[in-house]
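In what follows, a single structure is set out as structure tokens and then discussed.
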Amino acid sequence: MEARLNNVTAVERPKNAQPWTNMGPRVRISSILTIVIPAAVFALTLLFTGMDFMAGLFTVFLPLQLLMGGWAGFYSFGKRGITDGLLLVVTFFLSLFVFVLLASVLWSVIQSGFAALSPHFIYQNNVYVSGKTGLEIGGVGHAILGTIITVGISMLVTVPLGIATAVYLTETRDFGRGIVRTLLQAMSALPSVVSGLFIYSMLILSGWSGYSGLMGSLALIPLMLPTVARVAEESLRLVPKDLRNGALALGAPSYRAFFMVTLPAAQSGIVTAVLLGIARVIGETAPILLTMTLANGTNLNPLEGGMATLPGYIFNYILLGDPTSIARAWGAALVLLIFVGILFAAARIASSPKKAKKRSAK
Amino acid sequence: MANFHLETKDVNVWFGARHVLSNVNLQFPQNEVTALIGPSGCGKSTFIRTLNRMHELIPGAGFAGEVLLDGQDIYGQAVDPVDVRVKIGMVFQKPNPFPTMSIKENVISGLKLSGISRPDAGDLVEQSLMRASMWNEVKDRLNDPAISLSGGQQQRLCIARSLAMNPNVLLMDEPCSALDPGSTRRIEETILELKESMTIVIVTHNMQQAQRISDSTAFFLAEDNTPGHVVEFGKTEQIFYGPIDPRTNEYVNGRFG
């Protein structure tokens with residue numbers, strides 16, 4: 001064969017440049033049938049027998065779809081396709097099931113809470129409000145501030161302590177690590193009411209302090225700490241040892257190597273740790289009820305007097321039992337949900353790695 | 001006092017109870033490149049890590065012997081390992097630029113990491129990248145993230161990062177094993193330029209590389225569960241063209257290892 005030089009020019013990407021995603025007609029037809037037939041049979045059964053939706057979902061829809069999935073796999077790929085088809089059905093069904101559950105929880109909160117939601121509901125407090133007062137006045141502003149204050153005080157303790165614990169567990173070879181890790185695991189299994197009872201009996205019953213926001217914060221600390229410490233530990237452990245060694249080989253003392261190389265590399269994981277810690281305690285009700293009295297007015301002093309929090313507010317207003325008070329409780333639940341959502345979104349943006357930002361700027 | 005810049009005396013290393021290096025006595029003269037060769041698992045990398053006290057960071061590590069830098073034992077009671085690592089820089093097998101820093105920040109990271117502030121940091125960046133022969137490639141993108149560089153550029157960035165600390169000795173643990181021939185050649189050229197101003201010790205699996213760049217060569221070997229040791233140490237030409245030990249002869253000619 002004669003040797004020759006090829007001149008290469010770039011050509012446009014063809015329409016189908018991913019041959020591995022090509023599906024034959026058999027795959028397409030059997031997939032559609034797997035979805036359509038069980039759904040149709042399910043709908044007809046519900047229509048004619050008046051069967052319960054959930055019961056029908058598991059006794060009619062799921063078995064039928066499993067059968068169809070197995071058949072579709074066999075029809076498309078032969079024997080090896082059977083397990084493939086079955087697993088695909090199970091995976092999709094369960095994911096969809098969980099997604100529907102989550103969506104229905106979110107939907108019911110949004111639906112029931114929306115009635116109470118209005119601008120004044122966010123910033124007003126509850127001083128002139130009883131269970132029967134109409135939704136035109138009163139709000140959860142005081143409870144939002146109370147939640148921020150109590151969780152904030154807990155964070156002041158748990159974030160530095162949790163990260164320090166994670167550093168101890170990952171950066172040292174001390175013999176005490178096993179004990180600390182066991183303790184953390186035990187702490188993360190601690191029922192929140194026990195934490196509340198502990199503060200209640202040690203500090204309040206003994207007369208050392210009255211009910212106050214600070215007591216609530218103290219009761220949240222043991223709940224938040226293990227989450228922060230363990231997630232931070234995992235993220236620090238994921239930082240390659242090469243990086244730390246590189247810093248040490250340049251003559252860095254280990255504390256500088258940690259603060260300038262390891263910690264920035266674990267930044268998004270650390271932020272996640274703090275977030276999960278907040279998420280763990282922001283909705284806690286039991287420790288709050290045991291250590292704080294619910295105030296109707298705004299109280300910014302955590303050392304003295306009652307202070308409202310969103311979970312405490314929800315608990316109280318559900319108990320009052322009037323339609324408007326229940327609507328208020330749903331509204332507060334919706335506010336809590338939005339609050340957590342904003343927090344998560346903000347933290348995700350703040351912790352997105354620097355390199356990604358620079359890339360997109362180019 | 002010895003005439004050698006860096007010298008080891010009866011270096012022994014253990015991991016747990018396992019003896020992995022036995023009585024290594026090597027001398028590294030000023031402004032020379034010394035290559036450490038030998039099959040995998042013979043303790044070359046372990047040995048090179050004892051030279052700047054990175055060895056002790058491994059859990060269960062044990063050490064006996066002396067490592068003399070300008071006649072001073074770096075394992076002495078009063079010696080801070082941090083000072084040792086400033087004087088004796090190290091480049092690792094896998095490029096490990098700091099991913100959260102830009103190219104420029106990586107070069108001067110050593111200063112920041114050891115808490116030194118210098119007003120001429122900008123000049124130092126240029127100078128160090130020049131010495132690592134990559135200034136022209138990156139001068140227009142100094143603020144880009146270091147991990148946007150290719151593997152070979154990342155490794156030269158790591159060399160530049162070590163050079164910015166102005167070390168007396170540079171240790172290189174298979175610096176080219178993950179790189180293409182072009183990058184390898186550039187790093188070898190860099191090494192030959194650098195030896196004018198420092199002492200270099202390099203671990204390599206590439207026999208041609210050892211012959212191209214080194215003045216002396218030490219052949220390490222660990223036979224049948226015995227600790228690793230130096231079989232032969234001498235001028236590079238002698239090791240490759242007139243080895244005294246038959247095992248060295250077999251290894252450099254590719255018959256085992």
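The values are calculated or read from the model by the stated rules, or taken from the named source; none is laboratory data. Computed from a prediction, not measured in an experiment: that's the story for all the values here. Counting neighbours? That spans all protein chains shown, and the Cβs are built from the backbone with ideal geometry, glycine included.
I'd like to verify a number: residues in segment A:38-70 that are in a helix (DSSP H, G or I) and either among the hydrophobic types (A, V, I, L, M, F, W, C) or not assigned by TED's automatic domain parsing to the domain that holds residue A:81 (or both), how many?
The qualifying residues number 21.
For segment A:205-269, give me every one of the helices (runs of 4 or more DSSP H) that falls completely inside it and has 1 or more residues that are of a type outside the set (D, E, K, R) and within 24 Å of residue A:299 (Cβ to Cβ).
In segment A:205-269, the matching helices (runs of 4 or more DSSP H) lie at A:213-237.
Can residue A:128 be described as closer than 30 Å to residue A:269 by Cβ and either assigned to a helix (DSSP H, G or I) or hydroxyl-bearing (Ser, Thr, Tyr) (or both)?
The answer is no for residue A:128.
Considering only segment B:12-46, how many residues are closer than 17 Å to residue B:216 by Cβ and in a strand (DSSP E or B)?
Adding up the residues that qualify gives 8.
Within segment A:306-340, track down each residue that is farther than 20 Å from residue A:154 by Cβ, without any contact (Cβ under 8 Å) to a residue 40 or more places away in the chain and of a type outside the set (Val, Ile, Thr).
A:316, A:319, A:323, A:329, listed by residue number.
Select from segment A:153-180 the residues that are free of Cβ contacts under 8 Å to residues at least 40 places away in the same chain and of a type outside the set (Asp, Glu) and list them in ascending order.
Within segment A:153-180, A:156, A:160, A:164, A:168, A:172, A:173, A:175, A:176, A:177, A:178, A:179, A:180 qualify.
Right, residue A:110: within 21 Å of the chain's Cα centre (by Cα), buried (at least 17 other Cβ atoms within 10 Å of the Cβ), part of a helix (DSSP H, G or I) and of a type in the set (A, V, I, L, M) or not?
no
Of everything in segment B:238-254, what is assigned to a helix (DSSP H, G or I) and either free of Cβ contacts under 8 Å to residues at least 12 places away in the same chain or aromatic (Phe, Trp, Tyr) (or both)? Give them in sequence order.
Answer for segment B:238-254, where residues must be assigned to a helix (DSSP H, G or I) and either free of Cβ contacts under 8 Å to residues at least 12 places away in the same chain or aromatic (Phe, Trp, Tyr) (or both): B:238, B:240, B:241, B:246, B:249, B:250, B:251.
Criterion first (modelled with pLDDT of 85 or more and assigned by TED's automatic domain parsing to the domain that holds residue A:303) does residue A:166 satisfy it?
yes
How about segment B:161-192: which of its residues are within 12 Å of chain A (Cβ to nearest Cβ), surrounded by 24 or more Cβ atoms within 10 Å (Cβ to Cβ) and in contact with a Phe, Trp or Tyr (Cβ under 9 Å, 6 or more places away or on another chain)?
Answer for segment B:161-192, where residues must be within 12 Å of chain A (Cβ to nearest Cβ), surrounded by 24 or more Cβ atoms within 10 Å (Cβ to Cβ) and in contact with a Phe, Trp or Tyr (Cβ under 9 Å, 6 or more places away or on another chain): B:161, B:172.
Residues of segment A:161-196 being small (Gly, Ala, Ser) and in contact with a Leu (Cβ under 8 Å, 6 or more places away or on another chain), which ones?
Selection gives A:162, A:166, A:192, A:195, A:196.
Among the residues of segment B:125-160, count how many are of a type in the set (S, T, N, Q) and touching a strand residue (DSSP E or B) at 6+ places or on another chain (Cβ under 8 Å).
Adding up the residues that qualify gives 2.
Can you give me the ranges of the helices (runs of 4 or more DSSP H) entirely in segment B:85-165 with at least 3 residues that are among the acidic types (Asp, Glu), modelled with pLDDT of 90 or more and in contact with an Asp or Glu (Cβ under 7 Å, 6 or more places away or on another chain)?
Counting at least 3 such residues, we get no helices (runs of 4 or more DSSP H) at all.
So for segment A:330-339 (the condition being under 24 Å from the mean Cα position of the chain (by Cα), assigned to a helix (DSSP H, G or I) and modelled with pLDDT under 90), does at least one residue qualify?
yes
Give me the residue from segment B:70-101 that is under 29 Å from residue B:142 (Cβ atoms) and either more than 13 Å from chain A (Cβ to nearest Cβ) or in contact with a strand residue (DSSP E or B) (Cβ under 6 Å, 6 or more places away or on another chain) (or both) and, out of that set, surrounded by the fewest Cβ atoms within 10 Å (Cβ to Cβ).
B:93
Please give the number of the condition residue A:303 fails out of (1) outside any loop (DSSP other than H, G, I, E, B); (2) out of contact with any Pro (no Cβ under 9 Å at 6 or more places or on another chain).
That leaves (1) as the condition not met.
Give segment B:193-213 a look and list any residue that's among the small types (Gly, Ala, Ser) and surrounded by fewer than 21 Cβ atoms within 10 Å (Cβ to Cβ), or say none.
Matches in segment B:193-213: B:197 only.
Looking only at segment A:241-261, count every residue that is more than 7 Å from chain B (Cβ to nearest Cβ) and either without any contact (Cβ under 8 Å) to a residue 24 or more places away in the chain or touching a strand residue (DSSP E or B) at 6+ places or on another chain (Cβ under 9 Å) (or both) and tell me the total.
Residues meeting the conditions: 4.
Filter segment A:135-170 down to residues that are closer than 15 Å to residue A:332 by Cα and small (Gly, Ala, Ser) and give me whichever is surrounded by the fewest Cβ atoms within 10 Å (Cβ to Cβ).
Among residues in segment A:135-170 that are closer than 15 Å to residue A:332 by Cα and small (Gly, Ala, Ser), the one surrounded by the fewest Cβ atoms within 10 Å (Cβ to Cβ) is A:141.
Would you confirm whether any residue within segment A:193-200 is within 29 Å of the chain's Cα centre (by Cα), surrounded by fewer than 17 Cβ atoms within 10 Å (Cβ to Cβ) and either touching a residue at least 12 places away in the same chain (Cβ under 8 Å) or part of a helix (DSSP H, G or I) (or both)?
Yes, some residue in segment A:193-200 is within 29 Å of the chain's Cα centre (by Cα), surrounded by fewer than 17 Cβ atoms within 10 Å (Cβ to Cβ) and either touching a residue at least 12 places away in the same chain (Cβ under 8 Å) or part of a helix (DSSP H, G or I) (or both).
Return the residues of segment B:115-159 that are loosely packed, with under 15 Cβ neighbours inside 10 Å, touching a residue at least 24 places away in the same chain (Cβ under 8 Å) and over 22 Å from the mean Cα position of the chain (by Cα); say none if nothing qualifies.
B:141, B:143
Would you be able to tell me the number of residues in segment A:84-126 that are among the aromatic types (Phe, Trp, Tyr) and closer than 20 Å to residue A:317 by Cβ?
Residues in segment A:84-126 being among the aromatic types (Phe, Trp, Tyr) and closer than 20 Å to residue A:317 by Cβ: 3 in total.
Of the residues A:91, A:83, A:49, which single one is loosely packed, with under 14 Cβ neighbours inside 10 Å, at pLDDT below 90 and among the polar types (S, T, N, Q)?
Being loosely packed, with under 14 Cβ neighbours inside 10 Å, at pLDDT below 90 and among the polar types (S, T, N, Q) holds for just one of A:91, A:83, A:49, which is A:49.
What residue, of A:265, A:247, is at negative phi, in contact with a helix residue (DSSP H, G or I) (Cβ under 7 Å, 6 or more places away or on another chain), surrounded by 23 or more Cβ atoms within 10 Å (Cβ to Cβ) and assigned by TED's automatic domain parsing to the domain that holds residue A:160?
Going through A:265, A:247 in turn, just one is at negative phi, in contact with a helix residue (DSSP H, G or I) (Cβ under 7 Å, 6 or more places away or on another chain), surrounded by 23 or more Cβ atoms within 10 Å (Cβ to Cβ) and assigned by TED's automatic domain parsing to the domain that holds residue A:160: A:247.
In contact (Cβ under 8 Å) with a residue 40 or more places away in the chain and of a type in the set (Gly, Ala, Ser): is that true of residue A:40 in this structure?
No.
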